[in-house]
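See below for the structure under consideration.
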Amino acid sequence: MSLGLAQCLIFAQVNRLVDLSPGPRDLVAHGLQFFAARRWRELGHPVPIELVAAELQHAFVHHASTSVLARVCEACDGPLLLVKGPAATQLYHDPALRPYQDLDLVVADPRRLQEALLGQGFTELGEAPYGLHHERPLLAPEVPLVIEVHGHVKWIRGLEPPPFERLVRDALPFDGADGVLMLPPAEHAALLAVHVWAHDPLTRLLRLIDVAVATSASDTDVVARVVREWGLEKLWRRTTRLIDAVIYDSARLPAPERFWGRKSRPRARDDRVGGVSGRLLGPLVVLPPGIGARAVLEEIVWLIRPESGETARTRVRRIARHLRDSGTRAPSCTCETPTNVRPGKRRKSLLGEPQVIRMPT
């Protein structure tokens, strides 16, 4: 099957998900707003002005990201690997469909690059969060784009991430910025699959679409080899089964995912229990039993362990804030229903629980 045909099949299913969505705010929360805008234009429906503005801003950010990456390259004296974000958009036949708001960069010495970028006018945002796996986020000068500098890719607790040397060994040049590297489609598909489970599992459908798109751009045997090399066999099986159930609607949603589907319904603000349960129970679903149980224990210890000089009251507040933030997703923009709507029949939502679907007139 050709790459173009494979992506056409994926995006046809995404159109189905757009049609099933309860409303535009839910599409924004799941990263499908630009798919929805294209779908509504195809159907002759008006697109909300807020969404048109978001499309224009995304086009500006996507264009400006090349100049930001060029400045980062000047400050970096070693290999610079770009993951997710613009690197993922290059796997799409239309990069305008895939939103992103930051640049995830992986380097051998993140602290050194962070200090070099601060010297070039980049500014750090907020306070350093507890247990963050990257340096404090940086805001690029004159461009509303956030940069996160990593020493390794974010990985699911319980498994060791591939070393930086392994990631850059087979890396490809990033089209649009000289000196920037990106992962081949097979490696990127595996990394994106890990991201589905390592970062608030089952709260954003765009992550599943990323995995499906990256997989369609690679050879199946190559993907299987990378998955075995990185010890992700169970995680990959679970992810592909989830893609079959949610995107292709060709399989029954597994039991744990049905539970999270009830807790983390495709709404603009997810139930707080959904994010917490995903972070604690996700490793049990996608890791071997012993490793999964140890990963859950490590997650709990990491959550309740006091920081240096932290009082009991401050620790309780930090834990409460972490639980709140891990399960809440606010939409990046708000938009009203693009057409008049009439009640529709009850159908299953994107992750399980039946909801009333608004049907365009």
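Figures for the structure shown
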{"item": "Test: Ala108 is of a type in the set (Gly, Ala, Ser), surrounded by fewer than 21 Cβ atoms within 10 Å (Cβ to Cβ) and in contact with a helix residue (DSSP H, G or I) (Cβ under 8 Å, 6 or more places away or on another chain)", "result": "yes"}
{"item": "Enumeration of residues in the stretch 191-223 that are of a type in the set (Gly, Ala, Ser), assigned to a helix (DSSP H, G or I) and more than 18 Å from Val285 (Cα to Cα)", "result": "Ala212, Ala214, Ser216"}
{"item": "Test for Leu81: is it in contact with a Leu (Cβ under 6 Å, 6 or more places away or on another chain) and surrounded by fewer than 23 Cβ atoms within 10 Å (Cβ to Cβ)", "result": "yes"}
{"item": "Matching residues, the stretch 118-145, being surrounded by fewer than 16 Cβ atoms within 10 Å (Cβ to Cβ), at pLDDT 90 or above and closer than 25 Å to Asp200 by Cβ", "result": "Glu124"}
{"item": "In the stretch 138-179, the residues that are under 19 Å from Val68 (Cβ atoms) and without any contact (Cβ under 8 Å) to a residue 24 or more places away in the chain", "result": "Leu139, Pro141, Glu142, Pro173"}
{"item": "Residue match in the stretch 204-222 (condition: more than 22 Å from Phe11 (Cα to Cα) and at pLDDT 85 or above)", "result": "yes"}
{"item": "Condition met for Arg262 (modelled with pLDDT under 70, surrounded by 12 or more Cβ atoms within 10 Å (Cβ to Cβ) and in a loop (DSSP other than H, G, I, E, B))", "result": "no"}
{"item": "Count of the stretch 1-56 residues which are part of a loop (DSSP other than H, G, I, E, B), without any contact (Cβ under 8 Å) to a residue 40 or more places away in the chain and either among the acidic types (Asp, Glu) or farther than 25 Å from Ala217 by Cα (or both)", "result": "1"}
{"item": "Tally of residues being over 21 Å from the mean Cα position of the chain (by Cα) and in a helix (DSSP H, G or I) across the stretch 70-87", "result": "6"}
{"item": "Hits in the stretch 27-69 (condition: among the acidic types (Asp, Glu) and under 21 Å from the mean Cα position of the chain (by Cα))", "result": "Glu55"}
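The values are calculated or read from the model by the stated rules, or taken from the named source; none is laboratory data. Just so we're clear, the structure is a prediction, and the values are computed from it rather than from any experiment. Glycine gets a Cβ as well: all are built from the backbone with ideal geometry, and neighbour counts include every protein chain shown.
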